[in-house]
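Pasting a structure below so you can have a look.
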Amino acid sequence: MVWHMKPQSRAYRFAGHKDAVTCVNFSPSGHLLASGSRDKTVRIWIPNVKGESTVFRAHTATVRSVHFCSDGQSLVTASDDKTVKVWSTHRQKFLFSLSQHINWVRCARFSPDGRLIVSASDDKTVKLWDKTSRECVHSYCEHGGFVTYVDFHPSGTCIAAAGMDNTVKVWDVRTHRLLQHYQLHSAAVNALSFHPSGNYLLTASSDSTLKILDLMEGRLLYTLHGHQGPATTVAFSRTGEYFASGGSDEQVMVWKSNFDVVDYGEVIKVHRPPAPLATSGNLVSGSSGEIAPWAKGRRQTAAPPRDPCFKILFIHERHRRERQRHRQREKQAPCRDSNAGLYPRTLGSRLEPKADAQPLSHPGAPADCFLSDSGPEVDFPVPPGGGRSQELVQSQPQEPISMPQTLTSTLEHIVGQLDVLTQTVSILEQRLTLTEDKLKQCLENQQLIMQRTTP
């Protein structure tokens, strides 16, 4: 689905893949859209009413990641076939494959200048590749579990990776040194996104929260609550004014950030090519004593956040609403129009105060925004159902909600058990892959033996 941000605008629905779509990415110009699927194919779409697409076939398993190069001429993909592949979008052909991972590859990204590729795999490694020589430059092996996501810092000098071990790690791609290590989530970290200024990092986790990290100081800024289940993906807009998050609750939330807007043209000037940084004297301490070398040596383009109030602008629930309507049609009227629900629902946000919350005292804060004394957490309730109007909900008195300690501990135990179950399934999938490889090798050896014994 491709949504227009303008309220009540119609969405484009593209059909072509024969199985679930796992990833999408717009080209830098916005004129092309790439998608990957469990049907082992990659499609390049022209995002218009016609929805025309070109199919790329080379992977032999589920495609997990697609990403355009900054010039829009190349596309890198990652797959469960343990390979990273590079394609030419202009000539619409496969170029080459990178094949040193020994387990499924979950993510692959180009560097801002297009010279490097970074990939993350279930073999617990992050690999850095040189696009020209097609060689692995370095392997980062500090993660204690499957690596779920990886991306380049806007300057191109650092990479950040998220893992099933609940951690986020930042490395310098020039010295290959671990710069920062964060263990703030209580479950697997599924995705991350750099703010265009490079000063902040946004993470999404299976603990249902989003976290915003200050890379300049190496600390946690905010914890955001909105999804009613694992948060699976997150991304900043090009200017950093907005960010979007998706989750297993079948919702896509578009948030209004409280960071200063960054001009995208200025970001390109600052970060491509990256300015040379000093090796000493211009370093800022990170968490656990690590260092962040991007702190100085370039002009900062975003000011620190003004206040911990983030607003949800849009919540797209098309898939959930379609399933509910489908169930209702089966029970009541099976011949109703199947095109219902093509318009995204636009909702305002309201922050529910905690029991120990105090209203913000600064002049610019909205009247219904509260800051908890216990920490920088912002709670967003589930949006009201379709049968209740927003005005009705806002007119009702909001009572502080306190959760019993026993219920809290029970929920934490359930979340922990689900995390263990997820890791167990991942391990079983890994063993199944290894078994398939061994079986394939045995069959090949048996065929060779039969060929030799045949007169």
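Taking amide H atoms as placed 1.01 Å from N in the peptide plane, list the residues 5 or more away in sequence, or in a different chain, whose amide H sits under 5 Å from that of residue 241.
Excluding prolines and chain starts, which carry no amide H, the hits are 262.
Using a Förster distance of 51 angstrom, determine the FRET efficiency expected from the C-beta separation of residue 178 and residue 445, and round it to 0.05.
That pair, residue 178 with residue 445, gives E of 0.80.
What are the residues whose amide H is under 5 Å from the amide H of residue 180, where those residues sit 5 or more places off or on another chain and H is modelled from the backbone?
Those qualifying (amide H under 5 Å, at least 5 residues apart or on another chain) are 170.
Something else about it: Can you work out D for the stretch 72-260 in µm² s⁻¹ from Stokes-Einstein, where Rh is the Kirkwood radius over C-alpha pairs, the temperature is 4 °C and the viscosity is 1.567 mPa s?
Working: Rh = 16.8 Å.
Value of D from the Cα-based Kirkwood radius: 77 µm²/s.
For residue 423, put the label point 7 Å out on the Cα→Cβ axis and report which residues of the stretch 203-239 keep their amide N under 16 Å from it.
206-207
Skipping prolines and chain starts, which residues have an amide H placed within reach, meaning under 5 Å, of the one on residue 74, given they are 5 or more residues away or on another chain?
The list, which skips near neighbours in sequence, is 69, 89.
Taking 7 Å along the Cα-to-C-beta vector as the label spot, tell me the residue 248-residue 91 distance in nanometres, rounded to one decimal.
Computed distance between label sites residue 248 and residue 91 equals 4.3 nm.
Select from the stretch 129-176 those trypsin sites (Lys or Arg not before Pro) which occupy a DSSP coil region and have at most 15 other Cβ atoms within 10 Å, ordered by residue number.
When the trypsin sites (Lys or Arg not before Pro) of the stretch 129-176 are filtered for loop state and at most 15 Cβ neighbours within 10 Å, 134, 174 remain.
May I ask you to evaluate 6.51 cos²θ - 1.76 cosθ + 1.60, the Karplus curve with θ = phi - 60°, for each residue of the stretch 70-80 and list the ³J(HN,Hα) values in order in whole Hz, giving x for glycine and proline?
Each residue's phi maps through the Karplus curve to give 5, 8, x, 8, 10, 9, 10, 10, 10, 8, 6 Hz.
Here's something else I'd like to know. Can you check what the net charge comes to around residue 424, using other residues whose Cβ is under 15 Å from the Cβ of residue 424 (Lys, Arg +1; Asp, Glu -1)?
Result for the local shell: -3.
Cβ under 13 Å from residue 204's Cβ, residue 204 left aside: what net charge do those residues give with Lys, Arg +1 and Asp, Glu -1?
Working: positive: 211; negative: 151, 207, 249.
Local charge sum for residue 204: -2.
Just order 193-199, 93-99 by mean Cβ neighbour count inside 10 Å, highest at the front, would you?
Going by the mean number of other Cβ atoms within 10 Å, highest first, we get 193-199, 93-99.
What does the accessible area per residue of the stretch 128-219 come to in Å², with a 1.4 Å probe and no ligands, DNA or RNA counted?
Per-residue value: 28 Å².
Can I ask one more? Residue 452 versus residue 412, label points 7 Å from Cα toward the beta carbon: distance in nm?
In this crude spin-label approximation the distance works out to 6.1 nm.
From the backbone phi of the stretch 93-102, what are the Karplus-calculated ³J(HN,Hα) couplings (6.51 cos²θ - 1.76 cosθ + 1.60, θ = phi - 60°) in whole Hz, Gly and Pro given as x?
8, 6, 9, 7, 10, 10, 9, 9, 6, 10
Now for a separate question. Report the extension gain between residue 432 and residue 221 in nm, rounded to one decimal, defined as 0.36 nm multiplied by the number of residues separating them, less their alpha carbon distance.
Between residue 432 and residue 221, full extension yields 71.9 nm more.
Okay, next question. What ranking, highest mean first, results for peptides 75-85, 178-188, 409-419 when packing means the other Cβ atoms within 10 Å averaged over each residue?
The densest-packed peptide leads the list: 75-85, 178-188, 409-419.
Hey, what's the Kirkwood Rh for the stretch 92-199 if you take every pair of different alpha carbons, in angstrom?
The Cα-based Kirkwood calculation yields 13.9 Å.
In the stretch 181-231, carbon and sulfur make up what percent of the accessible area (probe 1.4 Å)?
On the stretch 181-231, the fraction of accessible area on carbon and sulfur atoms equals 45 percent.
Using the Karplus equation 6.51 cos²θ - 1.76 cosθ + 1.60 (θ = phi - 60°), what ³J(HN,Hα) coupling, rounded to whole Hz, does each residue of the stretch 413-429 give in order, writing x for Gly and Pro?
Calculated HN-Hα couplings, in order: 5, 5, 4, x, 5, 5, 4, 4, 4, 4, 5, 5, 4, 4, 5, 5, 5 Hz.
Taking the highest mean first, how do the peptides 225-234, 45-54, 21-30 order by number of other beta carbon atoms within 10 angstrom per residue?
225-234, 21-30, 45-54
Assuming a viscosity of 1.306 mPa s and a temperature of 10 °C, what translational diffusion coefficient in µm² per second does Stokes-Einstein assign to the stretch 152-253, Rh being the Kirkwood radius over Cα pairs? Don't jump to the answer; show the numbers that get you there.
Numbers: Rh = 13.6 Å.
Rounded, D is 117 µm²/s.
The values are calculated or read from the model by the stated rules, or taken from the named source; none is laboratory data. Note that the structure is predicted; figures quoted are calculated from it, not measured. Neighbour counts are summed over all protein chains in view; Cβ atoms, including those assigned to glycine, are modelled from backbone coordinates with ideal geometry. Accessible surface areas use protein heavy atoms only, side chains included; no ligands, DNA or RNA. Shrake-Rupley method; radii C 1.70, N 1.55, O 1.52, S 1.80 Å.
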